[in-house]
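Rule-based calculations on the coordinates, nothing more; no lab input. Keep in mind the model is a prediction, meaning the values are calculated, not measured. Virtual Cβ from ideal backbone geometry, glycine too; neighbours counted across all protein chains shown.
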Amino acid sequence: MTTEPKLGMLSDPDAYLPPADGGPDCAYCKNRRFVLDEQGVLKPCPRCGVAQARKVEAMRAFSSHAGVALQQTFFNFKTVFNGQEDEILRDCLEEAERFADNPQGRWLVMWGTRGNGKSHLCAAVANHLRNSGTPALFLTMPDLLASLKHLMDLQANTEQESYSGRMKTIKTAPVLILDDLGAESASSWSDAVLYEIVDHRYRNRLPTMIVTNCPLDQFDPRITSRLQDTDFVTVVENRAPDYRRRPPEEKHSAR
C-alpha cells in the first residue's frame, strides 16, 4: 500500500516517492526512473525500464520505421538466390545480427547497389532493438533532411528551438540507423547537417548503422575517413544481386 508524500519528504533523497507515471513500483530507483552509474552519470533505471521505454516511444514520432519496415526481421530476410545460398547475403545478415545483439561502441557501415536487402536489414536491426527495449532511431537520409528543413522553414522562435532539439535527438540517439545515405539532393546545407551528425556520433562513439548505395569515397573526405575507422567501424560491401530479380518463390518462402 502506498502513501502520499508528506511535507518535506520530496527533498529527502531516500524518501518514498509514489510513481506518478502509472508505472510499477521500483525499489532500485525509488520510482525516480533514473539512477547514477559508477561514473556519476544519470542513466535510465535498468530494473523498471520505464525511462528507457519512454525513449523508445518518443522516437517513433519522427522515425522512418513504419509500414513494411515494421514487418522486416532477420528471420524473413532471404539469403537464397537462384536456388542457392548467397554467401554475400549471409555475411551481411550475420554482421547486422552481430551489431543488433551488441551495438555499444560500434558502427556498422553497409554499402552496395540498389535492391539487395540493405534497407531490410536496417529495419530488422531497428525491430530487434525495439523488441529488446533499446531506444533506436531509424531514419532515411531524405526523411531526416525533410524533417529538419520543415522545422527550419517555420519562422516562430519556438519552432527554431524545435529544430535544435530535433538535431540534438538525432545526434545523441542511443542507437542511430541511417538508411539511404547519398539518396538526398546534395547541397552545402545537407552536407553540413550530415557532417555534424556523423562527427558528433564518431567523437562520442555512439552506436550507429549507416547504409548507402554509394561508394564511400564519394562523400566528403572528412565523412569517408570517419566511416572507415577500423578501430570500431565494420564496413561491409553488399555485392548481392537485385532482390527484385529473384524468382517469385524465393521472395516469399521462409529463410
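For the range 28-154, relative contact order (Cα pairs under 8 Å, six or more residues apart, normalised by length) works out to 29 percent.
Around the amide H of ASN238, modelled in the peptide plane, lie the amide H atoms of TRP111, GLY112, all under 5 Å away and 5 or more residues distant in sequence or on another chain. Report note on the peptides 90-100, 174-184, 212-222: ranked by the mean count of other C-beta atoms within 10 Å, highest first, their order is 174-184, 90-100, 212-222. Rounded to the nearest 0.05, the FRET efficiency derived from the C-beta distance between ALA27 and VAL68 at R0 = 45 Å is 0.60.
Cross-link pairs exceeding 27 Å in C-alpha to C-alpha distance, out of LYS118/LYS171; LYS55/LYS149; LYS43/LYS168; LYS78/LYS171; LYS149/LYS171; LYS30/LYS55, comprise LYS78/LYS171.
Stretched out straight at 0.36 nm per residue, the stretch from ARG114 to GLU57 would grow longer than its current Cα-Cα span by 17.5 nm. For PHE81, the residues whose modelled amide H falls within less than 5 Å of its own, excluding neighbours fewer than 5 places apart on the same chain, are ASP86.
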